[in-house]
Amino acid sequence: MSPEQKAKWPATATREFAVLQPVRENVMPVSENDWLRMKRVVKEIIPYSSAYQVAGSISVGVLISFVCVWISLRLSTVAVPGWAWTFDICAICCSALMSILCLLFDWRLKKHTARTVQSAVDELDDIRNKFEPTC
C-alpha cells in the first residue's frame, strides 16, 4: 500500500450495501453407499423424447387425409381406376397401424420415464427418512 493510500485508511463506503445473513438449514450426511446408489439411479433415468408422439400425430394427419380421399372417391361421379382404390385403402390401413403403434409406444415410453424419475425421488426420500429433523 502506498503512503497516500495509508493516509486515507480506513476507507469509507459511499453506497449502502445489503449484507446477507447466513440462513440456517438442515444438513444430512449421506453415506458413500447411498451416494453411489443415487448416482446409479440418476444414470438410469432415460430422458423423454417426443419423437414417437410427433410421428404418431403426423400419421393421424395422413390417416385423416386418406379417409377424406376415400370419401371423395366414393362420392365421385367419374369412374375411378382400381389402382386408386387399392392405393387409398392401403394408405389408410398403413397410416392407421403406424399411428396406433407410434402413439402406443409413446404412451409406454412416457410411463416408463415417469416411473424411473419416481424411483429416484423414492430413493432420495428413503435417504431423508433415515434422519430425524433437528429443527
- Query: List the pairs whose first member sits in the stretch 86-112 and is under 25 Å from residue 47 (Cβ atoms), whose second member is aliphatic (A, V, I, L, M), and whose Cβ atoms are under 7 Å apart, counting only residues at least 6 apart or on separate chains?
  - Reply: 99/60; 99/63; 102/55
- Please name all residue pairs, on different chains or six or more residues apart, with Cβ atoms under 7 Å, provided the first residue is in the stretch 19-32 and is in contact (Cβ under 8 Å) with a residue 12 or more places away in the chain and the second residue is in a loop (DSSP other than H, G, I, E, B) and hydroxyl-bearing (Ser, Thr, Tyr). 26/134
- Task: Just name the residue that is modelled with the highest pLDDT out of those in the stretch 69-99 that are aliphatic (A, V, I, L, M) and exposed (fewer than 12 other Cβ atoms within 10 Å of the Cβ).
- Result: 71
- Note on the structure: Scanning the stretch 14-39 residue by residue, those at pLDDT 75 or above, surrounded by 10 or more Cβ atoms within 10 Å (Cβ to Cβ) and in a loop (DSSP other than H, G, I, E, B) turn out to be 30, 31
- Query: Which one of these does residue 48 not meet: (1) part of a helix (DSSP H, G or I); (2) in contact with a helix residue (DSSP H, G or I) (Cβ under 6 Å, 6 or more places away or on another chain); (3) of a type outside the set (Val, Ile, Thr)?
  - Reply: (1)
- Message: On the basis of being part of a helix (DSSP H, G or I), closer than 30 Å to residue 25 by Cβ and not charged (D, E, K, R), does residue 100 make the cut?
- Response: no
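The values are calculated or read from the model by the stated rules, or taken from the named source; none is laboratory data. Because the structure is predicted, anything quoted here is derived from the model rather than measured. A quick note on method: Cβ atoms are made from the backbone with ideal geometry, for glycine too, and the neighbour counts reach across all protein chains shown.
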